[in-house]
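**Q** The structure that follows is given in the form of structure tokens.
The values are calculated or read from the model by the stated rules, or taken from the named source; none is laboratory data. No experiment lies behind these values; they were computed from the predicted model shown. Using ideal geometry, Cβ is built from the backbone for each residue, glycine included, and neighbour counts are taken over all protein chains shown. The area values use the complete protein model at the heavy-atom level, side chains included, leaving out ligands, DNA and RNA. Shrake-Rupley method; radii C 1.70, N 1.55, O 1.52, S 1.80 Å.
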Amino acid sequence: MNQITTCSFFKVKGFSDKWWAFKQMKKGYNSLKDVPGLAFYKLLGSGGKNGFSSIPNFGTYVLFCVWESEEYARGLFKENPLYEVYQKRSIENFTAYLNAAESHGSWDGVQPFIKSSTMEPNKPVVVLTRARIHFNKLWSFWSKVGKVSRSLESYDGLELSIGVGEWPLIQQATLSFWSTQAEMLDYAYKNKRHKEVILLTKKLNWYKEEMFARFVPYKFEGVWLGKNINEILSKEEKDSIGA
């Protein structure tokens, strides 16, 4: 059996459903702790504006899971009560199925990913960057990171992106979906704003913990922005997943 990672995105509307989804970021863990084959999982909120912001977006949530195999993931999607309620309360949702290609760092002291795929320059890639920010570095971090987030908008090859996290301000992550590895690398190493922040990260020691991972997506299921997710990920126009 090969390890896989799934990212399930849920968009909720209305106070009741938003309040329920917000509470699950803490309460939902009890419904997932004994799920067979689930090796690692996080319930994440999202940022407002263009997706990566110190201001929360109470309308979008993410269930991020690492599985021993896809068979176990299917079991949760078909039978888990919490997942069923997420689906019923969301106005739209989709899941990305991913194979880990490379990673370094840790998430809550754990390195959860086992490499099971290899990236190719002209094939899609999904990138996770995650960090726990030192409390005394919060102002410094947020005063700089907004420029990088804005530099992602309409960038060639970026199909979807969202800023997510377990706690506002302190624990932050970005999930970005790219048309090709080559276009992702062009942004990572040639974009001026991104390069500046990478240098500042080392210079100013922003992070208490960090995780960086790249995945090869092999399947998408669901609806987002009113369309089949495969239509969105195959078109040329760039959308924001948190819209």
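**Q** Can you name the number of the only condition in (1) among the small types (Gly, Ala, Ser); (2) surrounded by fewer than 20 Cβ atoms within 10 Å (Cβ to Cβ); (3) assigned to a helix (DSSP H, G or I) that SER117 fails?
**A** (3)
**Q** Could you list, in sequence order, all residues of the stretch 191-210 that are surrounded by 17 or more Cβ atoms within 10 Å (Cβ to Cβ) and either in a loop (DSSP other than H, G, I, E, B) or among the aromatic types (Phe, Trp, Tyr) (or both)?
**A** TRP206, TYR207
**Q** Name the residues in the stretch 114-132 that are over 17 Å from LYS219 (Cα atoms) and touching a Lys or Arg at 6+ places or on another chain (Cβ under 7 Å), would you?
**A** Within the stretch 114-132, ARG132 is the sole residue that qualifies.
**Q** So is THR118 among the hydroxyl-bearing types (Ser, Thr, Tyr), within 24 Å of PHE10 (Cα to Cα) and in contact (Cβ under 8 Å) with a residue 40 or more places away in the chain or not?
**A** Criteria not met by THR118.
**Q** Tell me which of these SER140 doesn't satisfy, since it passes every other one: (1) out of contact with any strand residue (DSSP E or B) (no Cβ under 8 Å at 6 or more places or on another chain); (2) closer than 29 Å to GLU231 by Cα; (3) surrounded by fewer than 16 Cβ atoms within 10 Å (Cβ to Cβ).
**A** Going through (1) out of contact with any strand residue (DSSP E or B) (no Cβ under 8 Å at 6 or more places or on another chain); (2) closer than 29 Å to GLU231 by Cα; (3) surrounded by fewer than 16 Cβ atoms within 10 Å (Cβ to Cβ) one by one, SER140 breaks only (2).
**Q** Among the residues of the stretch 120-137 satisfying the criterion of being open to solvent by 50 Å² or more (accessible area, probe 1.4 Å) and under 16 Å from the mean Cα position of the chain (by Cα), which is farthest from LYS42 (Cα to Cα)?
**A** PRO124
**Q** Any residue in the stretch 221-241 that's open to solvent by 60 Å² or more (accessible area, probe 1.4 Å): show its pairings with residues that are modelled with pLDDT of 75 or more and not hydrophobic (A, V, I, L, M, F, W, C) at Cβ separation under 6 Å, as long as the two are six or more apart or on different chains.
**A** Final answer for the pair search is GLU221/THR95; VAL223/GLU92.
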